[in-house]
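The values are calculated or read from the model by the stated rules, or taken from the named source; none is laboratory data. It should be emphasised that the depicted structure is a prediction, and the values quoted were computed from it without experimental measurement. Every residue, glycine as well, gets a Cβ built from its backbone with ideal geometry; the counts of neighbours run over all protein chains shown. Remember, those area values only see protein heavy atoms, side chains included, never the ligands or the DNA or RNA. Shrake-Rupley method; radii C 1.70, N 1.55, O 1.52, S 1.80 Å.
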Amino acid sequence: MKFRAKIVDAACLNHFTRVSAMIAKLAKTCTLRISPQKLNFILSDKVANGGVSMWCELEQENFFSEFQMEGVSAENNAIYLELTSENLSRALKTAQNARALKIKLTNKHFPCLTVSIELLSVSSSSRIVTHDIPVKVIPRRLWKDLQEPTVPDSDVSIYLPVLKTMKSIVEKMKNISNYLIIEANLNGELNLKIETELVCVTTHFKDLGNPPLASEDASQDRDPEQMAEVHIDIRKLLQFLAGQQVNPTKAVCNIVTNKIVHFDLLHEDVSLQYFIPAFS
């Protein structure tokens, strides 16, 4: 197994740093999947056990000027590494205004992702800062648990409002209840709702729009006014919203009634899927 990559473009470096900061907010530990064309950050807490799952994907050619990898074998040309997300994010934060960044899979008594950052000093000479991030190589037999999640057929798909607005509303609701109801219909209406014995609070969003294909498929036999709803743990939604530093190019919410809510986001050329199971 071999992996080495290099970023020299400042905009690509900043974007990659932002992606790693987002991942660190979404998952304490994650799996980094390296393949010839793509990098994936994966979180696979079993949804059946009430855990969230995440699949973040980026095309390596949009970030790296050099990219070489050899997987486990010719037919299984991939590398799966488990790492602490914050360690990668912290290393990349030191790369602001760097001339170049190199990432390499190394073995220093234990497997590491070695991040080397070339920084310019005041005298115009450069210095190298190196971070060794411990990783665990995931054996081939466990890869089956780390595949891209299948997206269930949703009852309603709807575009999300501005995520910062959603976050400030959900933060206030968290002070009242641990659980939240998300409901939406094919008329572009989305409600965030909490109910306790003492109070019921609902925030209404209108005219959000529904993705065309999804709404056509579902609207065949669904009343556009009928709400699809899912009860979720409010802290899991808040963690997802807190991870979104930049408002995405596209943000869609797919609801499978009483089962799961699936968020599908596109940040320029980085896609993020995030699944929160219904509270049972």
With 0.36 nm assigned to each residue of separation and the Cα-Cα distance removed, ALA11 to ASP207 gains 67.1 nm
The set of residues whose placed amide H lies less than 5 Å from the amide H of ALA100, leaving out same-chain residues fewer than 5 positions away, is GLU118
Reduced to Cα centres, the span from the stretch 90-109 to the stretch 154-197 in Å works out to 39
About its Cα centre, the chain carries a charge dipole, from +1 on Lys and Arg Cβ atoms and -1 on Asp and Glu Cβ atoms, whose size in debye to the nearest 20 is 1680
For the chain, the accessible surface attributable to carbon and sulfur atoms (probe 1.4 angstrom, ligands and nucleic acids excluded) amounts in percent to 48
In terms of the alpha carbon gyration tensor, root eigenvalues a ≥ b ≥ c, rounded if a/c is under 1.5 and otherwise prolate when a/b exceeds b/c or oblate, the stretch 164-280 is oblate
Here the chain gives, from Cα atoms, an Rg and Dmax in Å of 20.8, 70
Using the Kirkwood formula on alpha carbons, the hydrodynamic radius of the stretch 120-190 in angstrom works out to 18.5
Computed from the beta carbon distance with a Förster radius of 35 Å, FRET efficiency for ASN107 and ASN247 to the nearest 0.05 stands at 0.30
With every protein chain kept in place and a 1.4 Å probe, the stretch 89-158 has an accessible area per residue in Å² of 61
Computed, not fitted: 222 nm per-residue ellipticity of the chain from DSSP H runs ≥ 4 (each -39500 (n - 2.57)), nearest 500, equal to -6000 deg cm²/dmol
Flagged as over-length at 26 Å C-alpha distance, from LYS136/LYS167; LYS38/LYS104; LYS104/LYS164; LYS236/LYS259, the pairs are LYS136/LYS167; LYS104/LYS164
